[in-house]
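Down below is the structure, laid out as structure tokens.
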Amino acid sequence: MSETLIDVVDNAGIVRLTINRPKALNALNSAVLAELERVLAELERVLAGLEGREDLRAVVITGAGEKSFVAGADIAEMREKTPEQARDFARQALDTFKRLETLPVPTVALVNGFCLGGGCELALACDWAVASDNAIFGQPEVLLGVIPGFGGTQRLPRRVGPAMALDLCTTGRKIDAAEALRIGLVNRVMPQAELEGYVEELAKQLGGNGPQSVRAAKQAIHDGMGQELDSALALENALFAFCFAGGEQTEGMNAFVEKRKPNF
């Protein structure tokens, strides 16, 4: 029986995806990327209302075991590739990570242990990154004679600024969870024993907020980052007005006035 490369658990609309290659420290190969893209495409169908359900509120992605989130791309698979094969492999990862990044619901990377190379790039494609205090981050590709190819040279400077991105991408050095938090690479750092519980509560909190407004906030931030300020503000204005078109805003504001918890 072949191993399940991506374990999927749906707990009341909080979907957890676990990359399941612990013996390889969850390294990303073509098969893992293909399976992850298939799973994300299914989630897109759910979110588009094509599967007859509307309860998907958040996605958590992690790696099996406590040693590694994702230690990087699979070097054994990459080392003999031609330039054309390398381009196709990177394009597969870029397309998959873009699916993750553009899911309309919040996405959270739960990071234990190694989060290097393609693993760091995977975390960067998520809205949130929550790390255990044993996590190690880095873009060490230059030590292998290449550069990040799964979005690291573009998403990393947008997250931590160009100076720090140049530091990490040209030295290949690794940083601990405390430095990752300081530079803004992650949102939270938790003791390893508390990480699972914290991420579970975070996902519930994100999932308990108004789904339409959460999607609108994510769209405004992601789409607005690539626009001039005036255009981005116009996008925010349109999405703000859109929030008043359904019952979610009415319920939220009525609940506030009535001093009760909203029923989203």
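The values are calculated or read from the model by the stated rules, or taken from the named source; none is laboratory data. Just so it is clear, the model here is predicted, and its values are computed rather than measured. For neighbour counting, all protein chains shown are included, and Cβ atoms are generated from backbone atoms with ideal geometry for every residue, glycine included. The accessibility values were calculated without ligands, DNA or RNA, using every heavy atom of the protein model including side chains. Shrake-Rupley method; radii C 1.70, N 1.55, O 1.52, S 1.80 Å.
For (1) surrounded by fewer than 14 Cβ atoms within 10 Å (Cβ to Cβ); (2) among the basic types (Lys, Arg); (3) under 18 Å from Leu100 (Cα atoms), each residue gets a yes or a no:
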site	(1), (2), (3)
Thr4	yes, no, no
Pro22	no, no, no
Asn26	no, no, yes
Ala31	no, no, yes
Leu36	no, no, yes
Val39	no, no, yes
Val46	no, no, yes
Arg57	no, yes, yes
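For region 23-82, taking the residues that are of a type in the set (Ser, Thr, Tyr) and touching a Phe, Trp or Tyr at 6+ places or on another chain (Cβ under 8 Å), the one that is nearest to Leu116 (Cα to Cα) is identified as Ser68.
Per-residue answers, yes or no, for (1) under 18 Å from Val199 (Cβ atoms); (2) surrounded by 24 or more Cβ atoms within 10 Å (Cβ to Cβ):
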| residue | (1), (2) |
| --- | --- |
| Gly63 | yes, yes |
| Asp74 | no, no |
| Arg79 | no, no |
| Pro83 | no, no |
| Arg99 | no, no |
| Pro104 | no, no |
| Ala123 | yes, yes |
| Asp133 | yes, no |
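In region 29-53, the residues that are under 30 Å from Ala76 (Cα atoms) and among the charged types (D, E, K, R) form Cβ pairs under 8 Å with partners that are open to solvent by 50 Å² or more (accessible area, probe 1.4 Å) and part of a helix (DSSP H, G or I), at six or more places apart or across chains, as follows: Glu37/Asp95; Glu37/Arg99. Checking region 169-178 against the condition returns a match, with at least one residue being over 26 Å from Glu66 (Cα atoms) and over 16 Å from the mean Cα position of the chain (by Cα).
Restricting Val130, Val142 to residues that are part of a strand (DSSP E or B) and modelled with pLDDT of 95 or more narrows the list to Val130. Only one entry in Phe137, Phe150 is buried (at least 23 other Cβ atoms within 10 Å of the Cβ), touching a Cys at 6+ places or on another chain (Cβ under 8 Å) and of a type outside the set (A, V, I, L, M), namely Phe137. Residue count for region 145-171 under the criterion of being closer than 14 Å to Gly118 by Cβ and in a loop (DSSP other than H, G, I, E, B): the result is 6.
Applying the condition of being part of a strand (DSSP E or B) and touching a helix residue (DSSP H, G or I) at 6+ places or on another chain (Cβ under 8 Å) to region 172-192 and asking which residue is least open to solvent (accessible area, probe 1.4 Å) yields Ile175.
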